[in-house]
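**Q** Below you will find the structure I want to go over with you.
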Amino acid sequence: MTIKTSSDSNIDLLTRRYSTTIDRRKTLSVMVGDVGIGSEHPVSVQSMINEDTLDIESSVAAIRRLHEVGCEIVRLTVPSLSHAKAVGEIKHLLKNTYKEVPLVADVHHNGMKIALEVAKHVDKVRINPGLFVFSNPDPNRKEFSKEEIDSIKKKIIQNFQPIVNTLKEQNKALRIGVNHGSLAERMLFQYGDTPLGMVESAMEFIRICDSLDFHNIVISMKASRPPVMLAAYRLMADTMDNEGFNYPLHLGVTEAGDGDYGRIKSTVGIGTLLSEGIGDTIRVSLTEAPEKEIPVAYSILQTVGLRKTMVEYISCPSCGRTLFNLEEVVDKVRNATNHLTGLDIAVMGCIVNGPGEMADADYGYVGKGKGTIALYRGREEIRKVPEEDGVTALIDLIKLDGKWIDP
């Protein structure tokens, strides 16, 4: 018999806590076209076109551009009934000139009729609980009476139930998309401008769906500040799990901005939650062309180890021991190999830390001495070559292992 000591338990706890493998929150599978969202599927990547949905040809071209660079689900805005009908034409032209792409319709203010129409043409409908039954906020209001709250809830059910039943009949999906900046006025009065208010806003709609036995649901809790977004998603996951709702989560930092700062904000928010096992589909929201969001999304997924869609380059910051131009060599190696998929390639300046720091890499390019490069396969040194032949020799080694494909 093996006796387990308290120290063994502590080791088990530490092992779980500091594991390098992400233990994803268990969630239902929700199909959006042919893309599955949930813990049984890879974390999927989404974006949204900027075009007016009434412009059929431009919208189709924009959807195609996104899909061709790796976007798996594409959202478009549907602010009116005319836009909803136009989505049918977009879907038809897209199928005839390119291929079917999973589409999501964004429906906002008082959108029951719009949602019922557009549901015929898309794979998922997104509604914002804060705007679903919308009225202009009253700046003089001091409180909501119980009668007013009950009346609003009744109106929500009346308007929401037909949409849920339609999506259920067509086996399509719904995103309940809460935004920190657009909480309903009564939620602000009850809970303040808080993550709790965001969660309660979503839970109200989730409970209606559950009462109608509809479960093709994805939830989002977006905010423009990562700390708010992180708190809202964590609380949402805990609240759903405690009530037995294992719906997938769509992650995003909304209105993240542009450039490096927008990318950093998105990475901090999305990457942190993914590392904690929270999140099943992501959208990086940048004030740039939508196609520029997709590489950022895949970089986040690759960095946390959830998807392998490109070469991972490991390189040291360089120091006085480096005997060649490290930046220049990294650039040459990247240009020669960045069309490959799923490899880890290390470029290290010297032999002191190189072999140890790049131990997990598939291939290594390490400065051995002045004018000399050592090539590694994993931890094994394969050969030394003159520096000017290093990149070519690395390619030859990858070819020898059968892992090379032509650009």
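The values are calculated or read from the model by the stated rules, or taken from the named source; none is laboratory data. No experiment lies behind these values; they were computed from the predicted model shown. Using ideal geometry, Cβ is built from the backbone for each residue, glycine included, and neighbour counts are taken over all protein chains shown. Side chains are part of the model used for accessible areas, which takes the heavy atoms of the whole protein and leaves out ligands, DNA and RNA. Shrake-Rupley method; radii C 1.70, N 1.55, O 1.52, S 1.80 Å.
**Q** Hand me the list of strands (runs of 3 or more DSSP E) wholly inside the range 21-99 holding 1 or more residues that are small (G, A, S) and surrounded by 15 or more Cβ atoms within 10 Å (Cβ to Cβ). Steps first, answer last, please.
**A** On the way: elements: 30-32, 35-37, 44-48, 73-77.
Once the strands (runs of 3 or more DSSP E) in the range 21-99 are filtered for at least 1 residues that are small (G, A, S) and surrounded by 15 or more Cβ atoms within 10 Å (Cβ to Cβ), what remains is 35-37, 44-48.
**Q** Hey, another quick one. Is it the case, given these coordinates, that L301 is aliphatic (A, V, I, L, M) and modelled with pLDDT under 95? Explain how you work it out, then say what you get.
**A** Working: aliphatic (A, V, I, L, M): yes; modelled with pLDDT under 95: no.
Answer is no for this residue.
**Q** Here's something else I'd like to know. Here is a list: R141, R126. Which entry is at pLDDT 95 or above, among the charged types (D, E, K, R), on the phi < 0 side of the Ramachandran plot and out of contact with any Pro (no Cβ under 8 Å at 6 or more places or on another chain)?
**A** Values: R141 fails: at pLDDT 95 or above.
It is R126.
**Q** Here's something else I'd like to know. Can you work out which of the residues in the range 309-318 that are out of contact with any strand residue (DSSP E or B) (no Cβ under 9 Å at 6 or more places or on another chain) and not hydroxyl-bearing (S, T, Y) is modelled with the highest pLDDT?
**A** M310
**Q** Next question. Please count how many residues of the range 333-359 are open to solvent by 60 Å² or more (accessible area, probe 1.4 Å) and touching a residue at least 24 places away in the same chain (Cβ under 8 Å).
**A** 5
**Q** Another question, then. Go through the range 140-190 and count every residue that is open to solvent by less than 80 Å² (accessible area, probe 1.4 Å) and over 18 Å from S220 (Cβ atoms).
**A** Residues that pass the stated criteria total 19.
**Q** For the range 107-128, which positions are assigned to a helix (DSSP H, G or I) and open to solvent by 10 Å² or more (accessible area, probe 1.4 Å)?
**A** Keep residues of the range 107-128 that are assigned to a helix (DSSP H, G or I), which gives 112-118.
Across the range 107-128, the qualifying residues are M112, K113, I114, L116, E117.
**Q** State yes or no: is G402 small (G, A, S), open to solvent by less than 80 Å² (accessible area, probe 1.4 Å) and in contact (Cβ under 8 Å) with a residue 12 or more places away in the chain?
**A** Numbers: small (G, A, S): yes; open to solvent by less than 80 Å² (accessible area, probe 1.4 Å): yes; in contact (Cβ under 8 Å) with a residue 12 or more places away in the chain: no.
So G402 does not fit the description; no.
**Q** When N246 is evaluated against the numbered criteria (1) within 18 Å of C71 (Cα to Cα); (2) touching a Lys or Arg at 6+ places or on another chain (Cβ under 8 Å), which criterion, by number, is the only one it fails?
**A** It is condition (1) that N246 fails.
**Q** While we're on this one: Answer yes or no: is there a residue in the range 285-293 that is open to solvent by less than 20 Å² (accessible area, probe 1.4 Å), over 11 Å from S47 (Cα atoms) and touching a helix residue (DSSP H, G or I) at 6+ places or on another chain (Cβ under 8 Å). Show your work before the answer.
**A** Going through the range 285-293, the residues open to solvent by less than 20 Å² (accessible area, probe 1.4 Å) turn out to be 285-286, 290, 293.
Still in the list and also over 11 Å from S47 (Cα atoms): none.
Checking the range 285-293: not a single residue is open to solvent by less than 20 Å² (accessible area, probe 1.4 Å), over 11 Å from S47 (Cα atoms) and touching a helix residue (DSSP H, G or I) at 6+ places or on another chain (Cβ under 8 Å).
**Q** Going residue by residue through the range 136-154, is there one that turns out to be in contact with a helix residue (DSSP H, G or I) (Cβ under 9 Å, 6 or more places away or on another chain) and under 22 Å from R75 (Cβ atoms)?
**A** no
**Q** Taking the range 143-159 as the region of interest, how many residues are touching a residue at least 12 places away in the same chain (Cβ under 8 Å) and within 21 Å of L188 (Cα to Cα)?
**A** The initial filter retains those residues of the range 143-159 that are touching a residue at least 12 places away in the same chain (Cβ under 8 Å), namely 143-144, 148-149, 152-153, 155-157, 159.
Subset that is within 21 Å of L188 (Cα to Cα): 143-144, 148-149, 152-153, 155-157.
Residues that pass the stated criteria total 9.
**Q** Name the single residue that is surrounded by the most Cβ atoms within 10 Å (Cβ to Cβ) among those in the range 296-315 being in contact (Cβ under 8 Å) with a residue 40 or more places away in the chain and either part of a helix (DSSP H, G or I) or of a type in the set (G, A, S) (or both).
**A** A297
**Q** Of all residues in the range 191-200 being part of a helix (DSSP H, G or I) and open to solvent by 40 Å² or more (accessible area, probe 1.4 Å), which is modelled with the lowest pLDDT? First the steps, then the outcome.
**A** The initial filter retains those residues of the range 191-200 that are part of a helix (DSSP H, G or I), namely 191, 195-200.
Filter again for open to solvent by 40 Å² or more (accessible area, probe 1.4 Å), leaving 191, 196, 200.
On the way: Y191: 91, L196: 97, E200: 96.
Only one residue fits best here, namely Y191.
**Q** Looking only at strands (runs of 3 or more DSSP E) that lie completely in the range 319-407, which have at least 2 residues being farther than 23 Å from K308 by Cβ, at pLDDT 85 or above and touching a Ser or Thr at 6+ places or on another chain (Cβ under 7 Å)? Show your work before the answer.
**A** Numbers: elements: 344-348, 363-369, 372-377, 380-386.
Ranges flagged: 380-386.
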